[in-house]
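Here the structure is laid out as structure tokens; the discussion comes afterwards.
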Amino acid sequence: MTVDEDSPIYRDLMRFKPDELTPNAWAVRAGVSRTVWADMRRHGNPSRRTLEKLLAAAGSSLAEFEALRLGPQASVSGAVPGSFADKVAWDWNPARLPSLPLLATQLAGEWGETGSGIELTKVQPDELVGRVARPPSLAADSGAYALTIVGDSMWPRFRPGRRVAVSPRAPVAVGDDVVVRLRSGAPATGEQPALIKELVRRTNDAIELRQFKPDLTFSVDASDVEAIHKVAGELI
């Protein structure tokens, strides 16, 4: 069987295959029979449970697979009878994405020396103020959460009062907006100081950040940083 003759669902699923595994090794890790590939390539009729196992072993989910495969414009009326999209629409009833926890935030003064002008935010991971819709891009990120921007140091990029989605799992690169969680929190209360800024530079010893209002670039010692999470985008 040639690649062109493979079933569409087989080709789409192969996009999720872990780079370090062969298809058979992927099946073994997922706990399904290696013969699943031959049947899927010919007929394209894997069970929902088989897909869930394979995608979970690849660090993804059925919801993410369906969202990427069908796209935002997919609908029951637009599905081709007998197609995978039609099967999903009528038989599978794709799982609704779990909502994101909205963590409490408040201003916490300035970071560093008095008069530095570097706005500090206090995040309270143990205090939820609500839940918000999860973007499809974060379907497989179980640790993702949302925050409310409470200061104006990142204006005009982020307006005070707007909510943003944050991903601890996503890789962070220079130019990304980030939530830098600092080690000087108060474990007893669950409060955590954080810097919500743009990442300018990162080394083994320090990270360089930028805020927009006032326009400042500054460095934070790596030993003071507990974690750096990527701001995935503003929630509408």
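The values are calculated or read from the model by the stated rules, or taken from the named source; none is laboratory data. Computed from a predicted structure; not experimentally measured. FYI the Cβ positions are ideal-geometry reconstructions off the backbone, even for glycines, and counts take in every protein chain you see.
Under 6 Å between Cβ atoms, at least 6 apart or on separate chains: pull out the pairs that start in region 201-219 with a residue that is acidic (Asp, Glu) and end on any residue that is in a strand (DSSP E or B).
Glu208/Val200; Glu208/Arg201; Glu208/Ser219
Collect the residues in region 1-46 that are at pLDDT 85 or above, out of contact with any helix residue (DSSP H, G or I) (no Cβ under 8 Å at 6 or more places or on another chain), within 23 Å of Ala140 (Cα to Cα) and in a loop (DSSP other than H, G, I, E, B), keeping them in residue-number order.
Thr22
If we scan region 195-216, do we find a residue that is closer than 16 Å to Thr105 by Cα, in the same structural domain as Gly109 (by TED's automatic domain parsing) and either modelled with pLDDT under 95 or aliphatic (A, V, I, L, M) (or both)?
Looking through region 195-216, at least one residue is closer than 16 Å to Thr105 by Cα, in the same structural domain as Gly109 (by TED's automatic domain parsing) and either modelled with pLDDT under 95 or aliphatic (A, V, I, L, M) (or both).
Looking at region 81-99, can you tell me whether even one residue there is at pLDDT 80 or above and either surrounded by fewer than 16 Cβ atoms within 10 Å (Cβ to Cβ) or not assigned by TED's automatic domain parsing to the domain that holds Arg131 (or both)?
Yes: one or more hits.
Tally time: how many residues in region 104-152 are under 16 Å from the mean Cα position of the chain (by Cα), surrounded by 21 or more Cβ atoms within 10 Å (Cβ to Cβ) and aliphatic (A, V, I, L, M)?
Looking only at that region, the number is 5.
Starting from region 36-60, keep only residues that are in the same structural domain as Ser142 (by TED's automatic domain parsing) and surrounded by 15 or more Cβ atoms within 10 Å (Cβ to Cβ), then list their pairs with residues that are of a type in the set (A, V, I, L, M) and not in a loop (DSSP other than H, G, I, E, B) whose Cβ atoms are within a distance under 8 Å, requiring at least 6 positions of separation or different chains.
That search, which allows pairs on different chains as well, returns nothing.
Please go through region 189-236 and pick out each residue that is surrounded by fewer than 13 Cβ atoms within 10 Å (Cβ to Cβ) and either touching a helix residue (DSSP H, G or I) at 6+ places or on another chain (Cβ under 7 Å) or of a type in the set (S, T, N, Q) (or both).
Thr189, Thr203, Asn204, Asp205, Thr217, Ser223
Which pairs have Cβ atoms under 7 Å, sit 6 or more apart or on different chains, and link a residue in region 156-173 that is in the same structural domain as Val225 (by TED's automatic domain parsing) and among the hydrophobic types (A, V, I, L, M, F, W, C) to one that is outside any strand (DSSP E or B) and surrounded by 11 or more Cβ atoms within 10 Å (Cβ to Cβ)?
Phe158/Ile149; Val164/Ile149; Val164/Phe158; Ala165/Pro135; Ala165/Leu138; Ala165/Ala144; Val166/Ala144
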